[in-house]
Amino acid sequence: MPRMSPSPAYADTTPVPVVNCVAYSQDGSRIGEITLDAISDVLQEEGTFVWVGLHEPNEMLLLKLQEEFDLHDLAIEDAHNAHQRTKIETYGDSLFLVVQTAQLIGGNLAFGETQIFLGERYLVTVRHGASLSYIPVRRTCEQSPELLAYGPSYGLYGVLDFIVDNMLPIVRDFRQELETLEQDIFAETFKRETVKRLYRMQRDLMTLRLGVAPLQDVTSQLVRLHPHLIPDDLRAYFRDVYDHVFRVNESIGTMREMLTAAIGVNLSLVTYGQNEVMKKLAGWAAMLAAPTLITSWYGMNFHHMPELDKPWAYPAMIVLVIGVVAGIYYGLKRNRWL
């Protein structure tokens, strides 16, 4: 029988990386939590399988799992190093998946990833970086033992569905923030922080899309291929995940277009505002240039200047300057330069 108490070899050294290790019977019912050393004992029983959840494990722990499940060396190396692209790879009778994850932490988008090992008798999830625990997924799956009886592939569906569904609220939050920023975008005064925030949002969405877009191909393969691991009765569930991934990818694309438009509108409004200021400055400069030009003639040291000897010359010159300035002002006002 599987041992239900902590193993001495792992009781003190790896309590945190091993989130849980649970065995299930052939009918999908939960046998209970087991130690890593008890995995081989459980797998000797007909129809049982094991679901292991890890969080940023060390190399020794991964080597232990490799020994228990006969995992491929390259997959173990990827799981240890992390920072992998979203992908699905086949190693013999098992699958190795890498899925990008994301979380909003303090208003900032943080990224992580999950490596998944899927075999006929096991499911291993390895979380790195920003990623929610899959304990709620496990509990949800355990509430449907008739589906869990299909094996670890149903647990894989639960994990993928959980990851994708957590991305939709992130896109919605970005949309709500963009609506909040619209007041600053259309404000008369330029705010540097608004443009910086729009750029950061666009950068985060680009990174998120790089993780989501390849997931369409991953879920598509799970819908069509790998019959030895994915029962036909579960393919409809993976098709549902594919639809969710498609929705998220479309939402991200729409948000990126909206952000690009918002940045363009903001910069256009700033340029328009600067042009309006320059037009007003040019208009006032023109009005100042007219009297300056007229009076500069009378600043020249010539003996014979028009009307210098006439008593009405000075007030007439004042009236002329005022008339010219008024005419320029009226023309500029009419053409909306002032």
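The values are calculated or read from the model by the stated rules, or taken from the named source; none is laboratory data. Fair warning: this is a prediction, and the values are worked out from it, not measured in the lab. Quick reminder, even Gly has a Cβ in these numbers, built from the backbone with ideal geometry, and neighbours come from all protein chains shown. Heads up: the accessible areas ignore ligands, DNA and RNA and are worked out on the full protein's heavy atoms, side chains in. Shrake-Rupley method; radii C 1.70, N 1.55, O 1.52, S 1.80 Å.
Before moving on, here are some points about what is shown:
- In this structure, the amide hydrogen of N20, modeled 1.01 Å from its nitrogen in the peptide plane, lies closer than 5 angstrom to those of G53, counting only residues at least 5 positions away or on a different chain.
- GluC sites (Glu not before Pro) restricted to the stretch 127-190 and DSSP loop, no more than 12 other C-beta within 10 Å: E188
- Part-to-part distance (alpha-carbon centres) for the stretch 144-177 and the stretch 234-257, which is given in Å: 11
- Highest GNM mean-square fluctuation among A286, A110, A102, for the chain modelled with Cα contacts below 10 Å: A286.
- CD proxy at 222 nm, helix term only [per DSSP H run n ≥ 4: -39500 (n - 2.57); per residue of the chain; nearest 500]: -19000 deg cm²/dmol
- Heavy atoms of W337 accessible to a 1.4 Å probe, total area in Å² rounded to 10: 100
- Square roots of five times the Cα gyration tensor eigenvalues for the stretch 43-123, Å: 26, 14, 13
- Treating each Cα of the stretch 102-185 as an identical point scatterer and summing with the Debye formula, the log10 of I(q)/I(0) at q = 0.24 Å⁻¹ comes to -1.16.
- Mean accessible surface per residue for the chain, computed with a 1.4 Å probe while every protein chain stays in place, in Å²: 55
- Shape metrics for the chain, restricted to C-alpha atoms - Rg then Dmax, Å: 35.5, 126
- Note, ³J(HN,Hα) from phi for the stretch 323-331, Karplus 6.51, -1.76, 1.60, rounded to Hz, x at Gly and Pro: x, 5, 5, 5, x, 5, 4, 4, x
- For the chain, the carbon plus sulfur part of the accessible surface works out to 56%, probe radius 1.4 Å.
- Among G112, G92, G211: highest mean-square fluctuation, GNM of the chain, C-alpha pairs under 10 Å: G92
- Pairs of alpha carbons in the stretch 204-250 separated by more than 12 Å make up 59% of all such pairs.
- Rounded to the nearest 10 degrees, the inclination of helix 235-297 to the longest alpha-carbon principal axis of the chain is 10 degrees.
- One way to sum up the overall shape of the stretch 124-164 is the equivalent ellipsoid from its Cα gyration tensor, whose semi-axes run 19, 10, 8 Å, largest first.
- In degrees, nearest ten, helix 59-69 long axis to first principal axis of the chain (Cα): 50
- GluC sites (Glu not before Pro) restricted to the stretch 81-131 and DSSP loop, no more than 13 other C-beta within 10 Å: E120
- Longest segment of the chain lacking trypsin sites (Lys or Arg not before Pro) that sit in a DSSP loop with at most 13 other Cβ atoms within 10 Å: 86-335
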